Amino acid sequence: GGGGGGGGGGNTNAGYTGYIDPKHHQLLIGQSHRFRAEIDRLKRLDEDRTLALREAQEAAVTSSARAAAAESRRDAAESMTIRLMALNKSLLDHYQSALTRRDEQRATKHMAVLERAGINTAATVA
């Protein structure tokens, strides 16, 4: 009498006669088509979003690179301006001291000429 235990698993199919209701069958097929269409739609949406995200990321990277390049150019221009200003100041100082030396030499020559002519430069200056 040991064979009786195996029957318990078969109960899930109790009432199954091998007959499928055609209306129910159509309903399930329709549902399956709708699900598949929805899955396809969601896949396309996901692909579109992925593409849009990738494009946005690429645009952001490009924009960021462009901004960094612009900042780098700005920095370079700024440091060039500072160098030019320093150079100009140096040239100006050099020129100024050359002018001063020239003026001093001229004044000295002028005074020498006046003194040779017998004119008292001290009185002229005062």
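Of note:
- Other residues lying with their Cβ under 12 Å from the Cβ of Thr108 contribute a combined charge of +1, Lys and Arg counting +1, Asp and Glu -1.
- Computed from label points 7 Å out along Cα-Cβ, the spacing between Met80 and Ala37 is 6.4 nm.
- Here the label points at Ala117 and Ser90, each 7 Å from Cα along the C-beta direction, are separated by 4.3 nm in the simple model.
- Linear extension gain, Leu27 paired with Ala107, 0.36 nm per residue minus alpha-carbon span: 17.1 nm
Quick note: the coordinates plus some simple rules give every number you see, no bench work behind them. Predicted model, so just to flag it, every value in this text is computed and none were measured. FYI the Cβ positions are ideal-geometry reconstructions off the backbone, even for glycines, and counts take in every protein chain you see.
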